[in-house]
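Read the structure below first, then the notes.
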Amino acid sequence: MSVENNKAIVRRFYHELVNHGRLELADDLMSSEYVEYGNPSNSGIDGFKEFVTRLSGAFPDLRVSIEDLIAEGDKVVARVMVCATHRGTFMGSIAPTGTKVSFSGIDIFRIADGKILGRWNQRDLLGLMTQLGVDSLPK
């Protein structure tokens with residue numbers, strides 16, 4: 001696939017799957033062997049769906065905006081901005097604050113045969129926790 005096709009897959013990932021919660025698209029966009037690097041507890045398509053469900057419960061208006069999208073070979077790198085309002089329990093114990101938050105992130109996707117095989121992600125969690133008034137991460 002071309003790098004432009006790979007970029008289109010990543011755009012759909014954010015716009016339709018994450019922002020609009022169309023979890024049924026995960027099976028179309030992601031390989032059955034999908035791996036979430038850096039967060040193995042959410043690995044695989046089902047783990048990713050569970051993660052998005054929990055995240056949208058805590059931040060029902062969550063929106064990810066793509067700031068930069070760079071592709072070469074089978075990799076696509078996205079620099080993103082996440083904006084949301086904290087309206088539900090987050091990370092199992094952080095009670096809703098009603099706080100509007102925004103934080104940045106970078107994702108690296110590996111794509112083959114029109115499907116996302118894996119994703120490495122980095123988020124400004126310290127910035128998020130500071131905005132939520134959290135002094136330490138839940139255990």
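Only the coordinates and a few stated rules stand behind these numbers; no lab work does. All figures in this text were calculated on a predicted structure; none of them were measured in a lab. Here the Cβ positions follow ideal geometry from the backbone for every residue, glycine too, while neighbour counts run over all protein chains shown.
Each residue in segment 100-139 was checked for being more than 15 Å from residue 55 (Cα to Cα) and not in a strand (DSSP E or B), and 14 of them qualify.
Among the residues here, residue 78 qualifies as within 18 Å of residue 10 (Cα to Cα) and surrounded by 16 or more Cβ atoms within 10 Å (Cβ to Cβ).
Kindly evaluate residue 57 against the criterion of being out of contact with any Phe, Trp or Tyr (no Cβ under 7 Å at 6 or more places or on another chain) and over 20 Å from residue 120 (Cβ atoms). Considered against the rule, which asks whether it is out of contact with any Phe, Trp or Tyr (no Cβ under 7 Å at 6 or more places or on another chain) and over 20 Å from residue 120 (Cβ atoms), residue 57 comes out as yes.
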